[in-house]
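Peer 1: Questions regarding the structure given below will be posed in turn.
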Amino acid sequence: MKKIDVEICFGTTCFVLGGSHLQELENSLDNDLKEKINIIPQNCLGLCKNENYSQAPYVKVNGQIIDRATIEKVINKIKCEINE
Ligand code: FES
């Protein structure tokens with residue numbers, strides 16, 4: 001099965017607006033989920049420009065944008081992708 005790409009933005013805007021805690025994502029996953037994903041740190045996903053900065057932090061799961069990302073939202077999205 002192809003792994004699910006999880007791109008986490010650690011750019012300044014995302015990091016300041018709550019992205020720093022997303023570093024804990026990997027530790028929050030059980031081993032079964034860990035094996036199914038690739039975590040890809042990014043410097044800026046280019047989504048924080050103009051008025052969109054307030055929707056940070058951003059994560060992409062298989063290219064699909066999650067705004068105001070939390071660990072819970074990202075895990076839910078990963079599970080959705082696995083079940084599709
Ligand atoms: S800093 Fe995260 S999208 Fe730009």
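The values are calculated or read from the model by the stated rules, or taken from the named source; none is laboratory data. Keep in mind that this is a model prediction, so the values were computed, not measured. Positions of Cβ are generated from backbone atoms using ideal geometry, with glycine treated the same way; all protein chains shown enter the neighbour counts. When the accessible area is computed, the model is the full protein with side chains, heavy atoms only, and any ligands, DNA or RNA have been set aside. Shrake-Rupley method; radii C 1.70, N 1.55, O 1.52, S 1.80 Å.
Peer 1: Tell me whether segment 33-54 contains one or more residues that are open to solvent by less than 40 Å² (accessible area, probe 1.4 Å) and of a type outside the set (A, V, I, L, M, F, W, C).
Peer 2: no
Peer 1: Determine whether segment 32-51 contains at least one residue that is in contact (Cβ under 8 Å) with a residue 40 or more places away in the chain and touching a Ser or Thr at 6+ places or on another chain (Cβ under 8 Å).
Peer 2: From segment 32-51, those in contact (Cβ under 8 Å) with a residue 40 or more places away in the chain are 33, 36-37; that's our starting set.
Those left that are additionally touching a Ser or Thr at 6+ places or on another chain (Cβ under 8 Å): none.
No - not one qualifying residue is present in segment 32-51.
Peer 1: Related question: If the Cβ limit is 7 Å and pairs must be 6+ apart or interchain, which residue in segment 62-75 that is among the small types (G, A, S) and crowded, with 17+ Cβ neighbours inside 10 Å pairs with which residue that is modelled with pLDDT of 95 or more and in a strand (DSSP E or B)?
Peer 2: Short answer, once both residue conditions are applied: A69/V59.
Peer 1: Keeping to segment 21-53, report how many residues are among the polar types (S, T, N, Q), more than 12 Å from the ligand (Cβ to nearest atom) and out of contact with any helix residue (DSSP H, G or I) (no Cβ under 9 Å at 6 or more places or on another chain).
Peer 2: So the first thing to find is which residues in segment 21-53 are among the polar types (S, T, N, Q), and the list is 23, 27-28, 31, 38, 42-43, 50, 52.
After this cut, where a residue has to be more than 12 Å from the ligand (Cβ to nearest atom) as well, the list is 23, 27-28, 31, 38.
Narrowing the set further to residues that are out of contact with any helix residue (DSSP H, G or I) (no Cβ under 9 Å at 6 or more places or on another chain) leaves 23, 27, 31, 38.
Of the residues in that region, 4 qualify.
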